[in-house]
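The values are calculated or read from the model by the stated rules, or taken from the named source; none is laboratory data. Computed from a predicted structure; not experimentally measured. Virtual Cβ from ideal backbone geometry, glycine too; neighbours counted across all protein chains shown.
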Amino acid sequence: MFLNLIKKRKYVSPEKQKDTKDNIGYNIDGICGGKVNVIEYATPSLAFLGDAVYSLMAREFLIKKTKCPANMLHKLSLNFVSASAQANAALALMPFLSKDEAVIYKRGRNTAIAHKPKNQTDADYHSATGLEVLFGHLYLTYQNERLKELFNIIAGELCE
């Protein structure tokens, strides 16, 4: 039954998806096999994944750029991963985002939040969520080079 449902989903190859007007939600290979339409994921799910991707990239960057003990690396990573830092990163990225990427970012930014963030403004929390959704989407759609480009812009802003 499950395999029959998977076969019915339409797959758009990465080459063909560039030719479509709206390529935001093109299909990808799921971890368990079959094709999955990324746009069908809930924004909190994309933010959950994007937060992990962004955090991993920040940690990798710090390990490669500094020679510090782990507790200092953790403190330095807060300059990247706090909601206010992510909100500033999103602001720095805005001029560099494609039209589709800006739509994905805004989708995350405009998501209603179920709780009041501690020690952060609502605006920073929403912007950070938008950034996480964008990183989650890019990761799921195998746009690793684009992820690196965007993260390098952020790292350049923080290191100036």
*L78 being touching a helix residue (DSSP H, G or I) at 6+ places or on another chain (Cβ under 8 Å) and buried (at least 19 other Cβ atoms within 10 Å of the Cβ)*: no
*If a residue has to be more than 15 Å from the chain's Cα centre (by Cα) and closer than 13 Å to G130 by Cα to count, how many in segment 72-87 make the cut?*
1
_Quick test for you: out of P95, P69, pick the one residue that is under 27 Å from I39 (Cβ atoms) and over 14 Å from the mean Cα position of the chain (by Cα)._
P95
_Filter segment 104-122 down to the residues that are assigned to a helix (DSSP H, G or I) and surrounded by fewer than 14 Cβ atoms within 10 Å (Cβ to Cβ) and list them by number._
D122
*asked:* Taking the condition of being hydroxyl-bearing (S, T, Y) and either modelled with pLDDT of 95 or more or part of a helix (DSSP H, G or I) (or both), how many residues in segment 123-147 meet it?
replied: 4
_Residue check, L147 closer than 16 Å to P44 by Cα, surrounded by 13 or more Cβ atoms within 10 Å (Cβ to Cβ) and in contact (Cβ under 8 Å) with a residue 12 or more places away in the chain_ = no
*Determine which member of the set L91, L73 is surrounded by 13 or more Cβ atoms within 10 Å (Cβ to Cβ), part of a helix (DSSP H, G or I), aliphatic (A, V, I, L, M) and touching a residue at least 12 places away in the same chain (Cβ under 8 Å).*
L73
_From the list K118, K99, exactly one residue is within 23 Å of E145 (Cβ to Cβ) and assigned by TED's automatic domain parsing to the domain that holds Y139. Which is it?_
K99
*Counting just the residues of segment 44-70 that are hydrophobic (A, V, I, L, M, F, W, C) and under 17 Å from Y125 (Cβ atoms), which one comes out surrounded by the most Cβ atoms within 10 Å (Cβ to Cβ)?*
L46
*Got at least one residue in segment 115-131 being within 13 Å of the chain's Cα centre (by Cα) and free of Cβ contacts under 8 Å to residues at least 40 places away in the same chain?*
no
